[in-house]
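Peer 1: To start, I am sharing the structure in question, which I have written as C-alpha cells.
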Amino acid sequence: MTDRSLGAAAVARPWSHANPIVDAQVIVTCPGRNFVTLKITTADGTHGLGDATLNGREMAVVAYLTEHIIPTLIGRDAQKIEDTWQYLYRGAYWRGGPVGMTAIAAVDVALWDIKAKMAGMPLYQLLGGACRDGVTVYGHANGDTIEETVQEALKYRDMGYRAIRLQCGVPGLPSTYGVSRDKLFYEPAQTGLPVENQWSTPDYMRTVPQLFAAAREAFGWDVELLHDVHHRLTPIEAGRLGKDLEPYRPFWLEDATPAEDQAAFRTIRQHTTTPLAVGEIFSSIWSCKTLIEEGLIDYIRATVVHAGGISHLRRIALLADLHQVRTGCHGATDLSPVTMAAALHFGLSIPNFGIQEYMRHTDETDAVFPHAYGFQDGMLHPGEAAGLGVDIDETLAERYPYRRAYLPINRLRDGAMFNW
Ligand code: KDG
Ligand code: MG
C-alpha cells in the first residue's frame, strides 16, 4: 500500500506510521428525511463517519464525493487531516461553495473520528479537553398563535431547557417559517416539488414583539429567548425589529437580513443593541471575516457540516474568539447525528462556545445513527466513547431509500419571489 499523501516522489520514512484509507463509501438514507453519510475505512480496520447532508441538494454532494473526492482518498494516510483538507480545498482550483465544502467537511469529520478512535479517546479530549461541563442548547417552541407558542415554550422549560427559540404564525399568512404541525419535530423539507409559502414583512414585524412580550410575561427572566428571522428583512427593517425587541432582552436575533453583503450588518448594528447571530448557510471563513473583525455580530452559526468540517470551523472560532464573538452552531434536523456529535465535541472544547441549536431527530433517525450523546439539565454531552461516539446501522439505513425533497420557496402577496 503506497501512501498517496506523501506525493509521488516521496520515500517512506522510518518514522512514518501511515494508516492508509482502503475504502470510502457514501451512504444515502431517508429515515423520515434524507441524510448523506461518508464512511471511511483504514488499513487497520478503523472506520470514521462524516455527515455530507445538504438539505434539498443532497445528490450534488453525493456526486462530488463519489466522482471527484473518493478516488483521491484511497491510499492516503488517514492521519493527515490538515494535509488532506488542504489537498481537497486548494487542490480543487474551483474552491469554496456549499457543495464542495460539505463534501470536504464529511472527509474531515470522518478523519477526526478515525484519529480519535486510534487514540482511544473521545474527540473532545483530542481537541484539547473540556472547557465546560456540557454544551448548553436551545430548543424550538412554536405554534400557530402567540398563546400556543408560549404554552409550547413552557413545556420546553419544564423539560429543563434554559434557552428556547420562539417562532409563531403570522395572522393573515397561511404558513410561516419555523411553525410545525408536529410540536416535537420541525421538518421544512417536503417530497414533491417545492411548497410555496407567502410572506408579508409588515404583518410579521407587528407579530414578533407581541410574541416576546407575552413570553416575558409568562417566563419572567428565567430563560433565554431566541428568534430566527430566516433572512427576510432589509437591514433597516432588521434594525427596527431589533429595537422593538430590546425591552424583552432576546438572547439573539438570527439571520436578520441575507448575509451575502456582510456590510449590511453595519446598518443593523447602528440601530439596535439586540445581539445578532448569523452564519448557518456560510461555507467558509470568507463569508464571516468582515462580520467578525468589525464586531458586527455576536454569534457565528457556521456549522461543522457546511463550513468545511472541524478543521475549518476551528479557524472560524479562533478568529471569532479574538473579537469576542461566540459560537452558536446550526443544529436543525437536516444536520445528522454525526454532525450533532461533532458539534458537541467541538463546542465542549473551545473557549468561546456560546450556545448550540438542538432540534431532536425522530426515533427512526436515532435508530439508524446510534449515538453516545445525551441531554441533561439543558445541556448535551457527547459521551465518553472513543471517536465521535456515533455509528451507522447500514442494514437499517438500507430500509429507507432516498426520496427527493425540497425546502419551500417564498413569495410576496403580489406573487414576487422572496427569500425563504
Ligand atoms: O435546511 C434548512 C434548515 O436547516 C433551516 O431552515 C433551519 O434556519 C434554520 C435553523 O435555524 O435551524
Ligand atoms: Mg436559522
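Peer 1: For segment 155-175, give me each residue that is outside any strand (DSSP E or B), on the phi < 0 side of the Ramachandran plot and in contact with a strand residue (DSSP E or B) (Cβ under 8 Å, 6 or more places away or on another chain).
Peer 2: 155, 156, 157, 159, 161, 162, 169, 173, 174, 175
Peer 1: Among all residue pairs at least 6 apart or on different chains, which show Cβ distances below 7 Å where the first residue, located in segment 27-40, is surrounded by fewer than 24 Cβ atoms within 10 Å (Cβ to Cβ) and the second is among the aromatic types (Phe, Trp, Tyr)?
Peer 2: Within 7 Å, the pairs are 28/402; 30/400; 30/402; 31/400.
Peer 1: Right, another one. Name, by its number, the condition in (1) crowded, with 24+ Cβ neighbours inside 10 Å; (2) away from ligand 2 (no atom under 16 Å from the Cβ); (3) polar (S, T, N, Q) that does not hold for residue 284.
Peer 2: Of the numbered conditions (1) crowded, with 24+ Cβ neighbours inside 10 Å; (2) away from ligand 2 (no atom under 16 Å from the Cβ); (3) polar (S, T, N, Q), the odd one out for residue 284 is (1).
Peer 1: Collect the residues in segment 144-154 that are in a helix (DSSP H, G or I) and either on the phi > 0 side of the Ramachandran plot or of a type in the set (Val, Ile, Thr) (or both), keeping them in residue-number order.
Peer 2: Of everything in segment 144-154, those that are in a helix (DSSP H, G or I) and either on the phi > 0 side of the Ramachandran plot or of a type in the set (Val, Ile, Thr) (or both) turn out to be 146, 149, 150.
Peer 1: Among the residues of segment 180-219 satisfying the criterion of being touching a strand residue (DSSP E or B) at 6+ places or on another chain (Cβ under 7 Å), within 16 Å of ligand 2 (Cβ to nearest atom) and under 27 Å from residue 402 (Cβ atoms), which is modelled with the lowest pLDDT?
Peer 2: In this case the residue turns out to be 186.
Peer 1: Among what's in segment 280-295 and is among the polar types (S, T, N, Q) and assigned to a helix (DSSP H, G or I), pick the residue that is farthest from ligand 1 (Cβ to nearest atom).
Peer 2: Here the answer is 290.
Peer 1: If you don't mind, there's one more thing I want to ask. Tally the residues that are more than 16 Å from ligand 1 (Cβ to nearest atom) and surrounded by 14 or more Cβ atoms within 10 Å (Cβ to Cβ), restricting the search to segment 207-226.
Peer 2: Number satisfying all stated conditions: 11.
Peer 1: Filter segment 200-222 down to residues that are among the hydroxyl-bearing types (Ser, Thr, Tyr) and in contact (Cβ under 8 Å) with a residue 60 or more places away in the chain, then give me how many there are.
Peer 2: 2
Peer 1: Determine whether residue 258 is in a loop (DSSP other than H, G, I, E, B), of a type outside the set (Ser, Thr, Tyr), within 16 Å of ligand 1 (Cβ to nearest atom) and touching a strand residue (DSSP E or B) at 6+ places or on another chain (Cβ under 6 Å).
Peer 2: Spelling it out, it is not the case that residue 258 is in a loop (DSSP other than H, G, I, E, B), of a type outside the set (Ser, Thr, Tyr), within 16 Å of ligand 1 (Cβ to nearest atom) and touching a strand residue (DSSP E or B) at 6+ places or on another chain (Cβ under 6 Å).
Peer 1: Here are the criteria: (1) within 16 Å of ligand 1 (Cβ to nearest atom); (2) surrounded by 21 or more Cβ atoms within 10 Å (Cβ to Cβ); (3) touching a residue at least 40 places away in the same chain (Cβ under 8 Å). Tell me which single one residue 253 does not satisfy.
Peer 2: So the condition that residue 253 fails would be (3).
Peer 1: Right, another one. Among residues belonging to segment 227-250 that are within 18 Å of residue 152 (Cβ to Cβ) and outside any helix (DSSP H, G or I), point out the one that is nearest to ligand 1 (Cβ to nearest atom).
Peer 2: 228
The values are calculated or read from the model by the stated rules, or taken from the named source; none is laboratory data. Only a predicted model underlies this, so the values are computations on that prediction, with no experimental measurement involved. Note that we place each Cβ from the backbone using ideal geometry, even for glycine, and neighbour counts take in every protein chain shown.
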